[in-house]
Amino acid sequence: MRRVDLYFHNGCLSQPSILSLAKDIEAAYPTWTVTLHPLSADEANAIGFKALPAIVINGVTTLFGTPSREWLSEIIRMCDQ
């Protein structure tokens, strides 16, 4: 499974950074599925996220917060092998 899910509060200050990361991932890893999930606070709580943004790689919550492009790229590269 080659999948990255990016969860964020819709309209949050981190949204532009998350959208930019998604574009970078899609460009660098075209065989991966990248999905953006804008959530309300109630939706985030229903899923079980206590903080957003959240990065989920291949079904595993990997990080809360906005990672650097380099860090996220390295993690995806490791998962891609």
Counted residues, region 47-59 - those being open to solvent by 90 Å² or more (accessible area, probe 1.4 Å) and within 14 Å of residue 79 (Cβ to Cβ):
0
Taking the condition of being in contact with a strand residue (DSSP E or B) (Cβ under 7 Å, 6 or more places away or on another chain), of a type in the set (A, V, I, L, M) and under 17 Å from residue 71 (Cβ atoms), how many residues in region 23-57 meet it?
6
Do we find a residue being crowded, with 16+ Cβ neighbours inside 10 Å, touching a residue at least 60 places away in the same chain (Cβ under 8 Å) and part of a helix (DSSP H, G or I) anywhere in region 73-81?
yes
Any pair with Cβ under 8 angstrom, 6 or more apart, that starts in region 1-30 at a residue that is over 22 Å from residue 58 (Cβ atoms) and without any contact (Cβ under 8 Å) to a residue 24 or more places away in the chain and ends at one that is open to solvent by 60 Å² or more (accessible area, probe 1.4 Å) and in a helix (DSSP H, G or I):
none
Working only within region 18-46, note down all residues that are over 21 Å from residue 81 (Cα atoms) and surrounded by 13 or more Cβ atoms within 10 Å (Cβ to Cβ).
18, 19, 36, 37, 38, 39, 43, 44
Of the residues in region 27-64, those that are in a strand (DSSP E or B) and in contact with a Ser or Thr (Cβ under 7 Å, 6 or more places away or on another chain) come to 54, 55, 56
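Taking region 60-72 only, how many residues are within 13 Å of residue 6 (Cα to Cα), open to solvent by 60 Å² or more (accessible area, probe 1.4 Å) and of a type in the set (A, V, I, L, M, F, W, C)?
The first filter runs over region 60-72 and keeps only residues within 13 Å of residue 6 (Cα to Cα), leaving 60-67, 72.
Checking which are open to solvent by 60 Å² or more (accessible area, probe 1.4 Å) leaves us with 60-61, 64, 66.
Now restrict to residues that are of a type in the set (A, V, I, L, M, F, W, C): 60, 64.
So the count comes out to 2.
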Any residue at all in region 5-17 that is part of a helix (DSSP H, G or I), modelled with pLDDT under 90 and open to solvent by 50 Å² or more (accessible area, probe 1.4 Å)?
no
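The values are calculated or read from the model by the stated rules, or taken from the named source; none is laboratory data. The structure displayed is predicted, hence computed values, not measured ones. For neighbour counting, all protein chains shown are included, and Cβ atoms are generated from backbone atoms with ideal geometry for every residue, glycine included. Side chains included, ligands, DNA and RNA excluded: accessible areas come from the protein's heavy atoms. Shrake-Rupley method; radii C 1.70, N 1.55, O 1.52, S 1.80 Å.
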